[in-house]
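Comments concern the structure below.
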Amino acid sequence: LDALHAACPHVTWSTEFSPGQTFDAAVVANPPPGTLTGLKGLRLIQSLWAGVDRVLQDETLPADVPLARMVDPAMTAAMAETALWAVLSLHRGFFDYTAQQRQTQWHQHPQRRAEEVSVLVLGHGVMGQAVSSRLAAQGYSVTAWRRGEPPGLALQEAHAASSPGAVCTLSGGAGLTAALPRAQILINLLPLTMQTLGILGAATLSRLPRGASVVNFGRGGHLVEADLAQALDAGHLKHAVLDVFAQEPLPADHPFWRHPKITVLPHVAALTDLVSAAAVVADNLDRLARGLPLRHLVDRHQGY
Ligand code: NDP
């Protein structure tokens, strides 16, 4: 609230409200279902979260009010950093060396060049693009997968092959089928929708090459936890870096905490940055006041 006051000094803020009261906009961070019911005059619901899956689960959310999600440059930069850390750690075996240190084991693994490592990024939106371009600039061989059709598959692939640092973009079921068998590291940055729920299950994981690793920075609902555990325990997958879970906080007795092939993060791949997020809110409130097009609107039909 302090950050919002500082960014929008001319706005009157209220944290206490009841049905029948009139507000121009509601700034929300996954409130309990029904929180906005009965408010009058709403012309914008601005989420402080990039992912709006939880807010969209609220069936009482006013259907006729535009919903904007958070696209915060500081959060996007943080995501690119966390993805780089995860990929570097997997590529160079740093998770293995951490485990070896606990066992006082001096053992060197072969070193590979970055361009020998193929990374598949699921989702090529704000987060996926930032991650893909950071990894490609680092020398990794990067393919990104999205829903919409890219301009020309053959063209994209040729472009990627001819220019270092380029990202090959694929889409649709055929694109995923083509990309999975050659992905040594898969990073999930999809929004959670009816179409992407459970996408990281046995059918997807089994199509990755043996020894591949999985990074889930999307949502817990993307991952079928039992299928991941099975693929890791069977030796098909090498390692998983998980930031998001079906139940958060991850319960203390959850086996993932102690799984030797899983690195757990407490949903911190990219946090909303108070100062820059408040500036994003201020911009949309200003646009609302001036009748300009609002930014980062969610397509409620698509769910993201
Ligand atoms: P965007 O809406 O900008 O991008 C979503 C991308 O996913 C788009 O490229 C879209 O395709 C693609 N997509 C959506 N549905 C499908 C589908 N069915 N098949 C294939 N591709 C699909 O979202 P952001 O990049 O900003 O954020 C993505 C997610 O990252 C958030 O929803 C949130 O869950 C997660 N997140 C996690 C954080 C963390 O700390 N762990 C922090 C911030 C975000 P197209 O381009 O064709 O539309």
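When only residues in the stretch 54-73 that are among the acidic types (D, E) and surrounded by fewer than 19 Cβ atoms within 10 Å (Cβ to Cβ) count, which is farthest from the ligand (Cβ to nearest atom)?
Looking at residues that are among the acidic types (D, E) and surrounded by fewer than 19 Cβ atoms within 10 Å (Cβ to Cβ), I get D64.
Just give me the residues in the stretch 79-103 being within 20 Å of N216 (Cβ to Cβ) and open to solvent by 70 Å² or more (accessible area, probe 1.4 Å), in sequence order.
If the condition is that a residue be within 20 Å of N216 (Cβ to Cβ) and open to solvent by 70 Å² or more (accessible area, probe 1.4 Å), then E81, W85, F94 are the ones that fit.
Limited to the stretch 74-86, what total is found for residues that are away from the ligand (no atom under 12 Å from the Cβ) and out of contact with any helix residue (DSSP H, G or I) (no Cβ under 6 Å at 6 or more places or on another chain)?
1
Checking T76 against (1) without any contact (Cβ under 8 Å) to a residue 60 or more places away in the chain; (2) crowded, with 17+ Cβ neighbours inside 10 Å; (3) not hydrophobic (A, V, I, L, M, F, W, C), only one condition comes out false. Which one?
(1)
For the stretch 246-285, how many residues meet the condition of being touching a residue at least 60 places away in the same chain (Cβ under 8 Å), away from the ligand (no atom under 13 Å from the Cβ), assigned to a helix (DSSP H, G or I) and of a type outside the set (G, A, S)?
Qualifying residue count, the stretch 246-285: 5.
Which pairs turn up if I take residues in the stretch 189-203 that are among the hydroxyl-bearing types (S, T, Y) and look for partners that are open to solvent by 20 Å² or more (accessible area, probe 1.4 Å) and more than 6 Å from the ligand (Cβ to nearest atom) with beta carbon separation below 9 Å, at least 6 apart in sequence or on another chain?
Pairs that qualify, where the first residue is among the hydroxyl-bearing types (S, T, Y) and the partner is open to solvent by 20 Å² or more (accessible area, probe 1.4 Å) and more than 6 Å from the ligand (Cβ to nearest atom), are T193/D53; T193/L56; T193/Q302; T196/G221.
In the stretch 137-164, which residue that is of a type in the set (G, A, S) and at pLDDT below 95 is surrounded by the most Cβ atoms within 10 Å (Cβ to Cβ)?
A160
Tell me the residue from T98, T76 that is β-branched (V, I, T) and farther than 20 Å from L294 by Cα, please.
One residue alone meets the criteria, T98.
For S213, indicate whether it is surrounded by fewer than 18 Cβ atoms within 10 Å (Cβ to Cβ) and within 24 Å of R147 (Cα to Cα).
No; evaluated as a whole, the condition is false for this residue.
Right, P191: touching a Pro at 6+ places or on another chain (Cβ under 9 Å) and open to solvent by 10 Å² or more (accessible area, probe 1.4 Å) or not?
Taking the combined requirement at face value, the residue does not satisfy it.
Collect the residues in the stretch 286-298 that are open to solvent by 70 Å² or more (accessible area, probe 1.4 Å) and within 11 Å of the ligand (Cβ to nearest atom), keeping them in residue-number order.
L297
Filter the stretch 3-28 down to the residues that are touching a residue at least 40 places away in the same chain (Cβ under 8 Å) and surrounded by fewer than 16 Cβ atoms within 10 Å (Cβ to Cβ), then identify the one that is nearest to L292 (Cα to Cα).
D24
Could you run through the stretch 108-132 and say how many residues are in a loop (DSSP other than H, G, I, E, B) and either over 12 Å from the mean Cα position of the chain (by Cα) or small (G, A, S) (or both)?
Result for the stretch 108-132: 9.
Restricted to the stretch 33-83, and to residues that are small (G, A, S) and over 17 Å from the mean Cα position of the chain (by Cα), which residue is nearest to H301 (Cα to Cα)?
Restricting to residues being small (G, A, S) and over 17 Å from the mean Cα position of the chain (by Cα), the top hit is A63.
Check the stretch 110-117 and report whether any residue there is out of contact with any His (no Cβ under 8 Å at 6 or more places or on another chain) and either within 16 Å of the ligand (Cβ to nearest atom) or closer than 14 Å to I185 by Cβ (or both).
Scanning the stretch 110-117 turns up at least one residue that is out of contact with any His (no Cβ under 8 Å at 6 or more places or on another chain) and either within 16 Å of the ligand (Cβ to nearest atom) or closer than 14 Å to I185 by Cβ (or both).
Does W106 satisfy being farther than 22 Å from H267 by Cβ, surrounded by fewer than 18 Cβ atoms within 10 Å (Cβ to Cβ) and of a type in the set (F, W, Y)?
Considered against the rule, which asks whether it is farther than 22 Å from H267 by Cβ, surrounded by fewer than 18 Cβ atoms within 10 Å (Cβ to Cβ) and of a type in the set (F, W, Y), W106 comes out as yes.
The values are calculated or read from the model by the stated rules, or taken from the named source; none is laboratory data. Nothing here was measured: the structure is a model prediction, and the numbers come from that model. Glycine gets a Cβ as well: all are built from the backbone with ideal geometry, and neighbour counts include every protein chain shown. In case anyone asks, the SASA skips ligands and DNA or RNA and just uses the protein heavy atoms, side chains included. Shrake-Rupley method; radii C 1.70, N 1.55, O 1.52, S 1.80 Å.
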